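Input: a single structure, listed below in structure tokens.
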Amino acid sequence: MTQPEHVPTQVTDRIRPSALLPPPKRWYLERPGDPVSLQAPSGPRFGSAGPDLGYGLKLARLLEDRIQLTDGEFRDDAVAGGFGCGARRAAHLGRAPVIHDMEWAFTLWGFFGDAPGDLIAWRKPLFRGASEHYWDQREIADAVKLETLRLTANQVREQLGAWKELFIV
């Protein structure tokens, strides 16, 4: 607020004129990190962006008592890897995760039983330590083919005998 001239003030109390900034220069899309299209980048280790994916971890934890493990496998690793796959499926379908995404993921990896022995042998080193290492979770999620993400849990269960067709082996 301005001060009247007849009010005594000290020099430090007076309002100082502000410095005027020059108008900004024109902006160009020329920096290396600027996106050039509206499409999100995709590929290995880019992840899957989707709404409320963190809720999927709670859903995965709801199913952890149904997980059947073999020797050398740990429940937390199975939950972390299954969550990554279920979240990727939900994001691919353009929605938040639901319980069916997590059931689909655990069925896909054979954690609900009836898994072929060669699938178990392949998943064991892949899931080892997944609960502690993000890049292992990404590797698990990236091992699933895009066509497989569109299948239902029943379709996956039917094709589990030929499991190599569902994954990038």
Rounded tilt (10° steps) of 99-108 against the dominant C-alpha axis of the chain: 50 degrees
Cα centroid separation - segment 126-149 against segment 30-60, whole Å: 15 Å
On Cα atoms only, tilt of 117-127 relative to the major axis of the chain in degrees: 20 degrees
Among (i) 25, 21, 15; (ii) 55, 20, 15; (iii) 33, 16, 13, the entry that matches semi-axes √(5λ) of the Cα gyration tensor in Å as calculated here: (ii)
Listed residue (Leu93, Ser18, Pro44) projecting farthest to the positive dipole end of the chain, Cβ model: Ser18
Using θ = phi - 60° and Karplus 6.51 cos²θ - 1.76 cosθ + 1.60, couplings along segment 85-90 (whole Hz; Gly, Pro as x): 5, x, 5, 5, 5, 4
Sorted by Cβ density within 10 Å, fewest first, the residues Tyr55, Tyr28: Tyr28, Tyr55
Check: the chain dipole with +1 on Lys, Arg Cβ and -1 on Asp, Glu Cβ, in debye: 600 debye
Descending semi-axes in Å of segment 1-89, equivalent ellipsoid built from Cα gyration tensor: 60, 25, 11
Value of [θ]222 nm, deg cm²/dmol, for the chain, DSSP H segments ≥ 4, -39500 (n - 2.57) each, nearest 500: -11500 deg cm²/dmol
Fewest-first ranking of Ser131, Ser37, using other Cβ atoms within 10 Å as the exposure measure: Ser37, Ser131
Residues with amide H under 5 Å from that of Phe167, placed H, sequence gap 5 or more: Lys145
Protection proxy ranking of 156-164, 121-129 - average other beta-carbon atoms within 10 Å, highest first: 121-129, 156-164
Label-point separation in nm, Asp118 to Asp13, each point 7 Å along Cα→Cβ: 9.0 nm
Dipole magnitude of segment 1-74 about its Cα centre (Cβ charges: Lys, Arg +1; Asp, Glu -1), debye to nearest 20: 420 debye
Qualifying lysines (Cα of each under 24 Å from Cα of Lys58; at least 8 residues distant if same chain): Lys124
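Only the coordinates and a few stated rules stand behind these numbers; no lab work does. Since we're looking at a predicted model, the values are computed, not measured. When we count neighbours, we look across all protein chains shown, and the Cβ atoms used for this are built from the backbone with ideal geometry, even at glycine.
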